[in-house]
Amino acid sequence: MSSQGQQSPAEPPTDRPDAAHPRVAVDVLQRDQRAVLFHGDQERTPPVYALSDGFGHRREVINWWQAACVRTFGHLQQEFPANQIVRDERLLAALTGDQSDDAHLRQRVLERSIDACDRAYRDLEGRAQEWLADSENSAEDYQSIDPADQDHVAMRPAFSRLDTEQARVLASLWDGFADREAITRWTHALPAVAEFDDLLDRSITTAIATDRHALDMLQQETHTAHNWRDRFAATILLPAFAARTDRLRAGERATASRSERTVPRG
């Protein structure tokens, strides 16, 4: 959350807005979602390009997917599985070309992505506690907070941190690695941003360290190596990113439920 206020665990005032007046966190979430869908975000590192505008190449699609998955709290994986980026050549062409022949495919991806956004919105709408308190613990009206001034995804610093670190992991993958030690250092950072339990029967470090071909592809700068890294990102990393994002969402929900049970009423 930005420096303009901190969430209060106290019960909101009785004159809280009804469902027709979304609290500020869901307003911020919609802002974040509109960026990946329609407007892009040039201030993010790397920049996010809007799905509605299409992409220049496959890695832009992969980078977009990672950012969009965080902004849909992991629901994007159900609506638009990441492996389609490398397994469906016609779909990739629609996302990266002029899409004149496959306009309906890009539109379908947009619609499915909006469905994922809607799921995330509903997740947050029912549990967002956006009643901010000043230094004297009095409630501040949510309407006084400008969503455009909020720095974090859906006013959730944990999701912003996850977004930043996942993007760094992808950037390192695109750059490739100088040697095996650099690869090992990279894999050591992965469990903090990705969950591979349903994808691999052993740790990601061991899986890569015992695969000579993978080690070569992570270090080489050939066309074949670049394609391999794209496929590795789309089929292994992105689903694991989604699983980690989903776990973070579930953890927040559990925390919110415990808070509701322990907050004094009346």
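The values are calculated or read from the model by the stated rules, or taken from the named source; none is laboratory data. Just so it is clear, the model here is predicted, and its values are computed rather than measured. Cβ coordinates were reconstructed from backbone atoms using ideal geometry, including for glycine residues, and neighbour counts include every protein chain displayed. Note: accessible area is taken over every heavy atom of the protein model, side chains too, but ligands, DNA and RNA are not part of it. Shrake-Rupley method; radii C 1.70, N 1.55, O 1.52, S 1.80 Å.
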> From the residues in the range 59-118 that are touching a strand residue (DSSP E or B) at 6+ places or on another chain (Cβ under 9 Å) and among the small types (G, A, S), which one is surrounded by the fewest Cβ atoms within 10 Å (Cβ to Cβ)?
Replying inline: A68
>> Let me confirm something: among S135, S113, S144, S100, which residue is at pLDDT 70 or above and of a type in the set (G, A, S)?
In response: S113
>> Condition first: of a type in the set (S, T, N, Q), part of a loop (DSSP other than H, G, I, E, B) and either in contact with a Ser or Thr (Cβ under 7 Å, 6 or more places away or on another chain) or without any contact (Cβ under 8 Å) to a residue 60 or more places away in the chain (or both). Now tell me which residues in the range 40-71 satisfy that.
In response: Q42
> Taking the range 22-53, which residues are at pLDDT below 95, open to solvent by less than 10 Å² (accessible area, probe 1.4 Å) and farther than 23 Å from E125 by Cβ?
Replying inline: V48
> Does any residue of the range 77-94 turn out to be part of a helix (DSSP H, G or I), farther than 20 Å from A234 by Cβ and of a type outside the set (A, V, I, L, M, F, W, C)?
Replying inline: no
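Kindly indicate whether W65 is of a type in the set (F, W, Y), at pLDDT below 90 and within 24 Å of R249 (Cα to Cα). First the steps, then the outcome.
Details: of a type in the set (F, W, Y): yes; at pLDDT below 90: no; within 24 Å of R249 (Cα to Cα): yes.
Spelling it out, it is not the case that W65 is of a type in the set (F, W, Y), at pLDDT below 90 and within 24 Å of R249 (Cα to Cα).
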